[in-house]
Amino acid sequence: MTDFLLELRSEEIPARMQKAARQELEKLFRQQIDAAGLTAETLDVYSTPRRLALIAKGLADETQAVSEERKGPRADAPDKAIEGFLRSTGLSRDQLVAREDKKGNAVLFAVIETPGRATRDVLAEAIPAIVRAFSWPKSMRWGAASTSTESLKWVRPLQGIVAILGEDLVPCAIANIDSGFDTVGHRFHHDGPITIGGADDYIEKLRACHVIVDQAEREAIVRDGAAQAASAAGLELVADEGLVVENAGLTEWPVPLLGRFDAAFLDVPPEVIQLTARVNQKYFVCQDAHGTLANAFVCTANIDAHDGGKAVVAGNEKVLSARLSDAKFFWDLDRKTKLETHAEKLKAIVFHEKLGTLADKVDRVAKLARWLVEEGIVTSSPERGGGPPRSGGGGVSADRTDSAGTHPPSVSSSTSHLPTGGEDLERAALADLAEQAARLCKADLVTEMVGEFPELQGLMGGYYAAAEGLDQRVADAIRDHYKPVGQGDDVPTAPVTVAVSLADKLDTLVGFFGRTLKPTGSKDPFALRRAMISVLQLLQSNGLRCGFHKLFWQASGKYQAYYSAAENELFEFAVDRLKVQQREAGVRHDLIDAVFALGGEDDLVRLLARVHALQAFVETDEGRDLLAGYKRAANILKKEDVASDAAPDAISLSYTPENAEKALIDSLDSAETRAASAVEAEDFEGAMAALASLRDPIDRFFEEVTVNDENEDKRAARLALLARFRAAVHQVADFSRIDG
């Protein structure tokens, strides 16, 4: 068994590409040796800014000989058929073997013997194939050969190849670069070539020349060294694993160093300072014992300086100071203009060609945010917002039409319909704040700071609002209205923020769906799946009581004509996202289907309460037995063509019922009333308990009663009884949709 070393040396490989490059090198190498019938005991891949390296241990000295038998045509087949078979095998006619098949016919077989090959020869062919097949996010051609599209492409100009099997060179050439034993060390700490003896001494020889090949080791040096540098100054490093990986990818000999910047810059929001240091300079920032940002940073040098890094730190301090000066200039300049004035510029920015400008969107969001508060869907008191549905606003709205049979009126910002009273005055004030926050929530998009750092949108608007002296609830809503952004993000709970965030996402969903710009397959250019998940999180986490249909219709505003055609699609989209979200939370999707199948249920809070109670019930013995009884009853009714949506016929018995029949009737008399009352009170556990009382009576009914009796009256009455049983169960969920 022999070890193999491959190093592909080039000019600097971008740090962001190195992880994928290691994976690509391993994948391509495995493909090559697998195809040759070779295996490696271990395979390690490394990267530095200037090289990709692979060490394969335990390779056999040669591949195994292979004997392959291939069946051909019959011996008496036409000459053209036999000639074609010979061409495919590379054999002559006299090398074929004739054998009898089961029918006694002579069939030709080719026995192809492939001798073993020296592993070095296999690798000599594999290396150029790997290099030419390598996939980079961006690549380039170079030199005189670059005039041809057939020339080699690589992330940066390829400069050298080391390929050693055991102690022997694996000879190969790529783009006039011959493989050899020599590589180079650190750009500043070592001059001249380094001769590598093989895989065993590669890592340590380079370490002696100030190159740490193992990226994991460099990451540990950056992570631990940066933390130690901060600690030595009495500070704490703000952890940033992405920055650890990036600095390790930028250096071959990382040396973390602490620097300082003028404390006057701390007047700038800390997120701006951190982003300036991180994005522009790849620096870590530090905080004091109280968690406040300190005027210190940690940079990662790629040199072990003789002066302990003083000159390096001084240079980095100068560069960061210039960057922070720019940031402070933007901060001061933006605050000279009120957000309301900034927002005027949104009229010149197109949100989408079919949905108008950003100013148009802001206007729609502001009206919808106000409506959410005025209707009592979002309130200042969580217990009120999360309680039972209110008349006129919260709660289910399966039927969106008014008394005249038409759709509800468009959103209005008027508050004249609000009744008087302390609570209503509070609601009106909250509605004013929600509308104000919504009208300013996108204003920071036209500021200098967000133009420089788009990642700070929303956040800077919150800072500018606070600096302007606006209500803190407005500032917080502007800051957080994009949340939640994906799973795991914080879900807003402050009422003003919730109203603006929900309105913003509802407007986006309804607008794009109404204009037939919904996601298709894996494509979701407007992030509508994420927006819907965020809507679900806002509704669920805050216990907001309103049906999907009512929310979507109100959000459609002046686009109601377009939205009407997409209403069902958007509702189905919401249900699909709900299933995805709840599956991750351990909720069965068939139970969601079972509740939705009843129709008229689109209040998320109530729906999930019903689903959770249902899941707890069907996982008990009583639930499983009742489900089995339901399935049996449903199958009989289906066979007898008794529709599932048909109301059970009134049962007038013309005969004396059997004891089991009477017991089921008595149980239904009690369970139907109890279950209906429990559902009305949203006591779904109580509704399940009422259904559980039907378990024994339905089992006894099937054991003792013949449904398809010869007596037509008995048969009709018993089918009606089963239909009544089915209808009682359907008060809670459509059990036919439940698996099992």
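Within region 48-68, residues that are under 12 Å from I33 (Cα atoms) have Cβ atoms under 9 Å from residues that are among the acidic types (D, E) in these pairs: A56/D3; A56/E41; A56/D44; L59/D3; L59/E41; E62/D121, counting only partners at least 6 apart in sequence or on another chain. Identify, please: which residue in region 17-40 is modelled with pLDDT of 95 or more and charged (D, E, K, R) and is, among those, nearest to G242 (Cα to Cα)? Per the stated criteria, the residue is K19. Across region 478-529, the qualifying residues are those that are within 24 Å of A467 (Cα to Cα) and of a type in the set (A, V, I, L, M, F, W, C), and the one among them that is surrounded by the fewest Cβ atoms within 10 Å (Cβ to Cβ) is A494. For region 43-71, the set of residues classified as in a loop (DSSP other than H, G, I, E, B) and of a type in the set (A, V, I, L, M, F, W, C) consists of A60, A65, listed by residue number. Considering region 32-44, the residues that are more than 22 Å from A65 (Cβ to Cβ) and not charged (D, E, K, R) include one that is surrounded by the fewest Cβ atoms within 10 Å (Cβ to Cβ), namely T42. Within region 684-695, being crowded, with 17+ Cβ neighbours inside 10 Å and in a helix (DSSP H, G or I) holds for F684, A687, M688, A689, A690, L691, A692, R695. When the residues of region 714-731 are filtered to those that are among the aliphatic types (A, V, I, L, M) and more than 18 Å from S670 (Cα to Cα), the one that is surrounded by the fewest Cβ atoms within 10 Å (Cβ to Cβ) is A716. Pairs linking a residue in region 351-371 that is touching a residue at least 60 places away in the same chain (Cβ under 8 Å) and under 16 Å from H481 (Cβ atoms) to a residue that is assigned to a strand (DSSP E or B) and of a type in the set (A, V, I, L, M), with Cβ atoms under 8 Å and 6 or more positions apart or on different chains, are L358/V350.
Looking only at residues in region 65-82 that are at pLDDT 85 or above and loosely packed, with under 12 Cβ neighbours inside 10 Å, the one that is nearest to V122 (Cα to Cα) is K71. Of the listed requirements (1) without any contact (Cβ under 8 Å) to a residue 60 or more places away in the chain; (2) not basic (K, R); (3) not in a helix (DSSP H, G or I), G315 misses just one: (3). Does K631 qualify as being in a helix (DSSP H, G or I), more than 25 Å from L607 (Cβ to Cβ), of a type outside the set (S, T, N, Q) and modelled with pLDDT of 90 or more? For K631, the condition - in a helix (DSSP H, G or I), more than 25 Å from L607 (Cβ to Cβ), of a type outside the set (S, T, N, Q) and modelled with pLDDT of 90 or more - is not met. When region 42-75 is limited to residues that are over 26 Å from V244 (Cβ atoms) and among the hydrophobic types (A, V, I, L, M, F, W, C), the one that is farthest from the chain's Cα centre (by Cα) turns out to be A75.
Results for (1) more than 25 Å from Y559 (Cβ to Cβ); (2) at pLDDT below 95, shown as yes or no for each residue.
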residue	(1), (2)
E423	yes, yes
T447	yes, no
L456	yes, no
V500	no, no
D504	no, no
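Of the listed requirements (1) modelled with pLDDT under 95; (2) surrounded by fewer than 18 Cβ atoms within 10 Å (Cβ to Cβ), T341 misses just one: (1).
Condition check for K505 on (1) under 18 Å from the mean Cα position of the chain (by Cα); (2) not aromatic (F, W, Y); (3) not in a helix (DSSP H, G or I): one failure, at (3). I'd like to know if region 50-64 contains one or more residues that are modelled with pLDDT under 90, more than 30 Å from I164 (Cβ to Cβ) and not small (G, A, S). The answer is no, given that none of the residues of region 50-64 is modelled with pLDDT under 90, more than 30 Å from I164 (Cβ to Cβ) and not small (G, A, S). Residues of region 165-174 being surrounded by fewer than 18 Cβ atoms within 10 Å (Cβ to Cβ) and under 19 Å from W142 (Cβ atoms), which ones? Listed by number, the list holds a single entry, A173. Residues considered: F684, F725. Of these, the only one that is among the aromatic types (F, W, Y) and within 28 Å of E658 (Cα to Cα) is F725.
The helices (runs of 4 or more DSSP H) located wholly in region 548-607 that include 2 or more residues which are crowded, with 18+ Cβ neighbours inside 10 Å, touching a Lys or Arg at 6+ places or on another chain (Cβ under 6 Å) and not acidic (D, E) occupy 548-556, 589-596. Residues of region 292-306 that are at pLDDT 95 or above and loosely packed, with under 14 Cβ neighbours inside 10 Å: T292 alone. Residues that are in contact with an Asp or Glu (Cβ under 8 Å, 6 or more places away or on another chain) and part of a helix (DSSP H, G or I) were ranked within region 698-713; the one that is surrounded by the most Cβ atoms within 10 Å (Cβ to Cβ) is F701. Counting the residues of region 219-244 that are crowded, with 21+ Cβ neighbours inside 10 Å and more than 20 Å from G308 (Cβ to Cβ) gives 4. If you go through region 193-213 one residue at a time, how many are part of a loop (DSSP other than H, G, I, E, B) and crowded, with 17+ Cβ neighbours inside 10 Å? Within region 193-213, residues that are part of a loop (DSSP other than H, G, I, E, B) and crowded, with 17+ Cβ neighbours inside 10 Å number 7. Being within 21 Å of I196 (Cα to Cα), crowded, with 20+ Cβ neighbours inside 10 Å and touching a Ser or Thr at 6+ places or on another chain (Cβ under 9 Å) holds for only one residue in T48, T2, and it is T48. For region 128-150, residues that are part of a loop (DSSP other than H, G, I, E, B), in contact with a helix residue (DSSP H, G or I) (Cβ under 7 Å, 6 or more places away or on another chain) and of a type outside the set (F, W, Y) total 2.
Whenever a residue of region 265-290 is closer than 16 Å to G462 by Cβ, its partners that are of a type in the set (K, R) and modelled with pLDDT of 95 or more, lying with C-beta atoms within less than 9 angstrom and at least six residues away or across chains, give the pairs V268/K328; V272/K328.
The values are calculated or read from the model by the stated rules, or taken from the named source; none is laboratory data. These numbers come from a predicted model, not from an experiment. Note: ideal-geometry Cβ built from the backbone for every residue, glycine included; neighbour counts use all protein chains shown.
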